[in-house]
Amino acid sequence: MRRGKPNDPGRRSRIVEAALDVIKADGISAVSYRGVAARAEVPLGSMTYYFPTLDGLILAALDSTRSALEPRYAAPVRDARSAGDVVDALVDATIGATSPTLADIRLYEEIRHHGARDPKVAAVLQAVEDDSLVMLRPVAPTSIALAINAMLWGWWSHRLAHPDAPLDETTVRRPYEAIIGLVPAGYPLHTEEHDDA
């Protein structure tokens, strides 16, 4: 194989995943080439081939979190046929089958914490927020999607702060029902409800 060409197609993704694992466990400040290489089980010398700078590795790892939003609530929300379906999807994304683990939430909090100080991380945070709004717009106008998004991320932060006090479904469901109830009757989702009736 020619010099300078990767000989392991999956190596880059393993490095990114290993960096995410380090961030979840010990925070962004704990990321190092040596530690990530050991966790990913790749040669230390290969790290700079894929990521010439440590900042580049960290940003790539953080940006990769955006893909987790699709199965977490974008797909269930997109498939919703009624306001009740939307609420169910949001409750699941908060405390149910599609909700993030505490380690995942810790990762999200790292992005928010460092985004307040690092413009490059702030750009990742903005992209995550923008992705969330795009995923919610099929079921709510922007003003309401903003409120839903804030509540969702707020619930996740609450879970991280109170790991020994699980949220009950009713506590989570009622605020979502109230917000979804504000969606104008002419919005596309309600139109679909009418058409399917």
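The values are calculated or read from the model by the stated rules, or taken from the named source; none is laboratory data. These numbers were taken from a predicted model, which means no experiment stands behind them. Here Cβ is always computed from backbone atoms with ideal geometry, including for glycine, and neighbour counts include all displayed protein chains.
Details
- Any chance R72 is free of Cβ contacts under 8 Å to residues at least 60 places away in the same chain and in the same structural domain as L125 (by TED's automatic domain parsing): yes
- Screening region 49-76 for residues that are modelled with pLDDT of 95 or more and β-branched (V, I, T) and picking the one that is nearest to P141 (Cα to Cα) gives I58.
- Counted residues, region 50-86 - those being surrounded by fewer than 15 Cβ atoms within 10 Å (Cβ to Cβ) and among the aromatic types (F, W, Y): 0
- L167 satisfies every condition listed in (1) surrounded by fewer than 17 Cβ atoms within 10 Å (Cβ to Cβ); (2) not in a loop (DSSP other than H, G, I, E, B) except (2).
- Test result for D88, at pLDDT 95 or above and among the charged types (D, E, K, R): yes
- Top-ranked residue of region 48-73 - restricted to ones that are within 9 Å of the chain's Cα centre (by Cα) and of a type outside the set (G, A, S), ranked as nearest to E110 (Cα to Cα): T65
- When every residue of region 42-51 is checked against the conditions, none turns out to be closer than 24 Å to N149 by Cβ, out of contact with any His (no Cβ under 8 Å at 6 or more places or on another chain) and part of a helix (DSSP H, G or I).
- Candidates G45, G115, G27: the one that is on the phi > 0 side of the Ramachandran plot, surrounded by fewer than 20 Cβ atoms within 10 Å (Cβ to Cβ) and at pLDDT below 95 is G27.
- Flag for A178 being on the phi < 0 side of the Ramachandran plot, at pLDDT 95 or above and in a helix (DSSP H, G or I): yes
- Meets criteria (in the same structural domain as Y73 (by TED's automatic domain parsing), outside any helix (DSSP H, G or I), at pLDDT below 95 and crowded, with 16+ Cβ neighbours inside 10 Å) for P138: yes
- From the options L54, L107, L69, residue that is under 30 Å from P184 (Cβ atoms) and not small (G, A, S): L69
- Residue among A89, A103 that is crowded, with 17+ Cβ neighbours inside 10 Å and either in contact (Cβ under 8 Å) with a residue 12 or more places away in the chain or not small (G, A, S) (or both): A89
- Of the residues making up region 74-93, those that are more than 19 Å from the chain's Cα centre (by Cα) and in a helix (DSSP H, G or I) are A83, G84, D85.
- Region 30-47, subset free of Cβ contacts under 8 Å to residues at least 24 places away in the same chain and aliphatic (A, V, I, L, M), residue farthest from I111 (Cα to Cα): L44
- Unique match (being at pLDDT below 95, among the charged types (D, E, K, R) and touching a Leu at 6+ places or on another chain (Cβ under 8 Å)) among D131, D104, D79: D131
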